[in-house]
Amino acid sequence: MTGFWIRIGFYLTGIAALGWCFGAIGEPRDGWIVAVLLLGTWVVYQLYYLQKTMGWLEDFRLDNVPHGSGAWDLLYSKIYRLAKSGEHQRQQLAETLKDIRSATEAMPDGVVTLDEDNQIIYANEQAEEQLGISNEKDMGRNLINIVRHPDFVSYLNGSDWEKPIVLRGVRDPGRVLQVQLIPYGTRQRLLMTRDITQLDRLETTRRDFVANVSHELKTPLTVLSGFLETLRELPVTEEQRDQYLGLMHSQAHRMQNIVEDLLVLSKLESTTAPAQDDKVSMTVMMERLVNDARSMSRDQHRITVSIMVESIVRGAEDELASAFSNLVSNAVRYTPANGTITLEWSVNPDGGGVFSVTDTGPGIESQHLPRLTERFYRVDRSRSRETGGTGLGLAIVKHVATRHQAQLVVDSEVGRGSCFSLVFPAKRIQSTQPA
Ligand SMILES: Nc1ncnc2c1ncn2[C@@H]1O[C@H](COP(=O)(O)OP(=O)(O)OP(=O)(O)O)[C@@H](O)[C@H]1O
Ligand SMILES: [Mg+2]
């Protein structure tokens, strides 16, 4: 500022000095004329720069700073520096905003910022996908007009946002979202959304599982306690006593089977370690399986075995034996007398191994196929119970398959029979020679 006044003072003093000189040399009037002329020129000069400055400010760019002299030079460099630091701050702000946006985009949860009237200010990608909003089209629109779920509307319009709410079927019927509104700033609101479909499914499975186990154990327990009461309170003949004890024994055995299968399942589910790497000879395994099948069938079925290639499967022998025998025992139990059961081991052209059990039993309707490996799922409950089934067998098979990177394939047709196959990847098979 001082520099500015010094320059102005310097010009005015110069004009006054020149005027005085001319006045001293000639007439005083000449001095005044010279001073007025110089002052006029100086004013015109200032007006010219003022106009130049206006032109620059109208089309303001940092790369076309006008050249000026005197106070104008000072002014231009001041404006330039101010604009430069403003530009720098703007760039920094833009960078920070970009960083914040990238951080919100990277979040697994959906984030929507709203104003006090629920109008959308910004939504990250997850929120766009979960709530069906578009950053391009829906900015400034009221969120309630887009997400019309009644629970959501009353939550947003209410004032109790302490806890999140759970919304089912917002965009598609199977989806479950957890939504929470968090007020911030003076009047803005942050809406957080989280997809909890998977979690909800797990919770439902857990609940169903507890209910199923209780139900499965309740029936034999009721029968057992009924017989115990009868034995304790009523006089029974020796023959009746033996009959009751026999029935009690079969119910106790049933409960034992359920508990044993549950323990196997829980062991399989809780071990994350890869399956052991035993060398399992399929020739020996198939022999054992066919013997078990024959003794279980008691000559009621025609049981054949075919081993296309002698192979070694690398895996946990006890787990594999349990999975194979489950498939074999199913075939024997569900195939009526005189049916045919075929056990087969073959190797695919790509080197993968296939263990299959084919029967000429009742077959399974297609709507049951996707659910067969669910715990306690039985197509024909009474038939399964009659034969001592717990409905856990195929769940165990599925787990064993997964632990060996194998696939359980079920091909079945009602009235014709079923074929259950376990397809192992080539890396688990060592084939020696055709059997
Ligand atoms: N070969 C088959 N033919 C017809 N139905 C079958 C066959 N294998 C399985 N199923 C059906 O699939 C259901 C599930 O089989 P899974 O092996 O899981 O249970 P389970 O045999 O009833 O009991 P578990 O094997 O635990 O003793 C059976 O109840 C039965 O209805
Ligand atoms: Mg079974």
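The values are calculated or read from the model by the stated rules, or taken from the named source; none is laboratory data. Because the structure is a prediction, the values reported are computed rather than measured. Methodologically, a virtual Cβ is constructed for each residue, glycine included, from the backbone with ideal geometry; neighbour enumeration extends over all protein chains shown. SASA here: full protein model, heavy atoms, side chains in, ligands and nucleic acids out. Shrake-Rupley method; radii C 1.70, N 1.55, O 1.52, S 1.80 Å.
List of remarks:
- Segment 266-389, accessible surface, carbon-and-sulfur percent (1.4 angstrom probe): 48
- Charge tally around Gly352: other residues with Cβ under 10 Å, Lys/Arg +1 each, Asp/Glu -1 each, net +1.
- Put the Cα centre of segment 320-393 next to the Cα centre of segment 21-80 and the gap is 102 Å.
- Mean separation of Cα pairs under 8 Å and 6 or more residues apart, divided by the residue count, gives the chain a relative contact order of 9 percent.
- Rounded accessible area of Ile100 (nearest 10 Å², 1.4 Å probe): 100
- For segment 126-182, applying the loop criterion from DSSP together with a ceiling of 12 other beta carbons within 10 Å to the chymotrypsin sites (Phe, Trp or Tyr not before Pro) yields no site.
- Our coupling estimate for segment 145-160, obtained by passing each phi through the Karplus curve with A = 6.51, B = -1.76, C = 1.60 and θ = phi - 60°, is 6, 9, 9, 9, 4, x, 5, 5, 4, 6, 5, 5, 7, x, 9, 9 Hz, Gly and Pro reported as x.
- Segment 69-86 - phi-based ³J(HN,Hα) in whole Hz, Karplus 6.51/-1.76/1.60, Gly and Pro as x: 10, x, 4, 5, 4, 4, 5, 4, 5, 5, 4, 4, 5, 4, 5, 4, 5, x
- 5 angstrom amide H check on Tyr122, placed H, neighbours 5+ away: Thr113
- Charge dipole (debye, nearest 20) of segment 40-172; +1 at Cβ of Lys and Arg, -1 at Cβ of Asp and Glu: 600
- Per residue value of the accessible surface for the chain (all protein chains in place, 1.4 Å probe), Å²: 61
- The solvent-accessible area of Ser102, taken with every protein chain present and a 1.4 Å probe, is close to 60 Å².
- 3J(HN,Hα) from dihedral phi, segment 357-373, Karplus parametrisation 6.51/-1.76/1.60, rounded to Hz, x for glycine, proline: 10, 10, 10, 10, x, x, x, 10, 5, 4, 5, 7, 3, x, 9, 4, 8
- Cα-based Kirkwood hydrodynamic radius, segment 273-355, one decimal, Å: 13.5
- Accessible-area value, Trp5, 1.4 Å probe, nucleic acids and ligands omitted, Å²: 150
- Proximal charge balance of Leu114 [Cβ under 11 Å; K/R count +1, D/E count -1]: 0
- Each peptide in 343-356, 24-37 gets a packing score, the mean of other Cβ atoms within 10 Å over its residues, and the list from highest to lowest is 343-356, 24-37.
- Virtual spin-label span in nm between Asp411 and His368, 7 Å along Cα→Cβ: 2.0
- Derived from the Cα gyration tensor, the three semi-axes of the equivalent ellipsoid of the chain are 92, 30, 17 Å, largest first.
- The trypsin sites (Lys or Arg not before Pro) of segment 358-419 that meet both conditions, a loop assignment by DSSP and at most 14 other Cβ atoms within 10 Å of the site Cβ, are Arg416.
- Label zone at Leu199 (point 7 Å along Cα-to-Cβ), backbone N below 17 Å, segment 146-172: 162-170
- The portion of the accessible surface of segment 107-181 made up by carbon and sulfur, rounded to a whole percent, is 44 (1.4 Å probe; DNA, RNA and ligands excluded).
- Sparsely packed trypsin sites (Lys or Arg not before Pro) within segment 261-363, loop by DSSP, other Cβ within 10 Å at most 15: Arg298
- Inter-part distance where segment 158-198 and segment 101-153 are each reduced to a Cα centre, Å: 10
- Cβ-defined net charge surrounding Arg288, 14 Å radius [Lys, Arg +1; Asp, Glu -1]: -3
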